[in-house]
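Taken together, the values in this text are just the output of simple stated rules run on the coordinates, not laboratory data. Computed from a predicted model, the values in this text were never measured in an experiment. Methodologically, a virtual Cβ is constructed for each residue, glycine included, from the backbone with ideal geometry; neighbour enumeration extends over all protein chains shown.
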Amino acid sequence: MTTSIYIQRRATLAKQLGKNGIAIIPTAQEQQRNRDSDFLFRADSYFYYLTGFTEPRAWLVVLGDGTSTLFCQPKDLEREVWDGIRLGPDAAPAELGVDAAFSVADIDTHLPKLLDNQSVVWYPFATHKGLETRVDGWLNALRARVRFGAMCPEQQRDLCGLVDEMRLIKDAGEQATMRRAAQISAGAHIRAMQLSARMLRQGKAVQEFHLDAELLHEFRLHGSQYPAYGSIVAAGANACVLHYRADKAPVRSGELVLIDAGCELDGYASDITRTFPANGKFTGPQRELYDLVQASQEAAVAMTRAGARFTDPHEASVKVLAQGMLDTGLLDKNKVGGLDDVIENRSYFPFYMHRTGHWLGMDVHDCGAYLEPSEMGQTSQRIDPLTGETLINRPARILRAGMVLTVEPGIYVRPAAGVPEKYHNIGIRIEDDAIVTATGCELISRGVPVDADEIEALMR
């Protein structure tokens, strides 16, 4: 993305800070993995959204008058031999469009001066360990000068809410990046499907890490910087563990494999789940439940459009899944009643225990309120039938064009009394990434098939 978009974002933020507001945004901290080795660095999402800058040990300060200051690592030829070229404060204003830049080593000198005569200091709450202490230190340094005419901010406010609202609507450039990320990830899923069937046909032993390797290879081959999250590659009964991680379990002919994986490209995540037969051919019970989950996803997709509520796709999906559980005998209608009873009492919960979607963007579970800001005062109470807790209901978010969310229903059948044995240890989830449009949604992850017949054809 061009420098102008970051300048525009900072200007939009500045208008919301108030005339005498100041925002302080650090990037992520480097994290040690083990002795003499760090985890691969990834910039903080809020910081990156406002700067496009990927170096560690950097801070952004935005004032309500629209000016911005960057603190970054100074040029250091010796360290650059080891760690790579640094932009440096001298080049930062022209490169990043900020008004001023200084060495991060001097931040404790400059911040009290920037805070002087400001009434509100904004920073992201509860996202950076020790940030509150740093802010307190700068404020204390400023308070020590009040007898000389300095004015200290009287309020501290959470910056997350302001930037969350900005990030919730993706512009054309963001959408283009996310389409490309989804395209790369779709190709990775295809590679994993085809490798599974090919190795089994050749009589080779297949393990989950073989398929995980295909995902990582395809991500990097096409320019993705990282996986967007730890890939889930779950064979057989492991698919019933929602956050299972790719390990060394065998991938067996006749069982299903659930892969939930997506790459991150230029700071934006993709998130795709496909469930497929390891050998390329669904069994009867597998196909029965797979078609049910696919139908539930189609119902959810139909409800994903501007003007709908965030909860509408979930409710549509639950209705299809609940009826399917009754039809297949997963739920005994003599015990749980009809469809309305199943939904009202959440009797479906043992087989479907998560929501049908979440926001997607710079973070795989992206920021943004799930409640409608204009209707926060409208509340009602209900009793959770499973826990007996009293819950407060507030109106769900109204979807708008440019929002991006996942659509991911599933069904997970663990062995239990009364559950037909033919469905035991079947775990299925189908997940796509959707950009909300005025008339519906654009599924940007359909580069990998969803239909069972198409999956079988692909794996042949």
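A few remarks follow.
- Entry note, segment 208-289: relative contact order of 29 percent, from Cα contacts under 8 Å with a spacing of 6+ residues.
- Spatial separation of Cα centroids for segment 134-148 and segment 349-424, in angstrom: 45 Å
- Projecting label points 7 angstrom from Cα along Cα→Cβ for residue 287 and residue 343 puts them 3.0 nm apart.
- Per-residue Cβ neighbour rank within 10 angstrom, fewest leading, 115, 131: 131, 115
- Segment 175-220: relative contact order in percent, alpha carbon pairs under 8 Å with at least 6 residues between: 51 percent
- For residue 311, residues with placed amide H under 5 Å, excluding near neighbours: 397
- When only Cα pairs below 8 angstrom with a gap of at least 6 residues are kept, the chain shows a relative contact order of 14 percent.
- Taking amide H positions as modeled 1.01 Å from N, with prolines and chain starts lacking one, no residue 5 or more places away or on another chain lies under 5 Å from residue 245.
- Two-site FRET efficiency, residue 380 against residue 355, from Cβ-Cβ distance with R₀ of 22 Å, rounded to 0.05: 0.65
- Counting neighbouring beta carbons within 10 Å and listing from fewest to most, the residues 37, 68, 253 come out as 37, 253, 68.
- Backbone phi angles across segment 362-374, fed through the Karplus curve with coefficients 6.51, -1.76 and 1.60 (θ = phi - 60°), yield HN-Hα couplings of 5, 10, 5, 9, 6, 6, x, 5, 9, 10, 6, x, 6 Hz in residue order; Gly and Pro are listed as x.
- Between helix 208-221 and the chain: long-axis angle, C-alpha atoms, 0 to 90°, nearest 10: 50 degrees
- Kirkwood analysis of the Cα pair distances in segment 3-164 returns a hydrodynamic radius of 16.4 Å.
- FRET E, pair residue 2, residue 83, Förster distance 35 Å, beta-carbon r, rounded to 0.05: 0.85
- Cα long-axis angle, helix 312-328 against the chain (0 to 90 degrees, to the nearest 10): 20 degrees
- Per-residue Karplus couplings for segment 238-249, computed as 6.51 cos²θ - 1.76 cosθ + 1.60 with θ equal to phi - 60°, are listed in order as 4, 5, 8, 9, 4, 10, 4, 10, 3, 9, 10, 4 Hz, Gly and Pro entered as x.
- Computed from the C-alpha gyration tensor, the three semi-axes of the ellipsoid equivalent to the chain are 45, 28, 19 Å, from longest to shortest.
- Acute angle (nearest 10 degrees) that the helix 172-201 long axis makes with the longest principal axis of the chain, alpha-carbon atoms: 40 degrees
- With a simple spin-label model that places each label point 7 Å from the Cα along the Cα-to-Cβ direction, the separation between residue 241 and residue 100 comes to 5.4 nm.
- Per-residue extension of 0.36 nm, minus the Cα-Cα distance of residue 67 and residue 117, leaves a gain of 16.5 nm for this segment.
- Counting other Cβ atoms within 10 Å as a rough exposure proxy, the listed residues 231, 374, 119 run 374, 119, 231 from fewest neighbours to most.
- Relative to one another, the C-alpha centroids of segment 154-210 and segment 51-65 are positioned 26 Å apart.
- Considering only the chain, percent of DSSP beta bridges that pair antiparallel, nearest 5: 80 percent
- Sites residue 315 and residue 133 - FRET efficiency at Förster radius 41 Å, r taken between beta-carbons, to 0.05: 0.40
- Summarising the label geometry, the points placed 7 Å from Cα in the beta-carbon direction at residue 393 and residue 336 lie 2.1 nm from one another.
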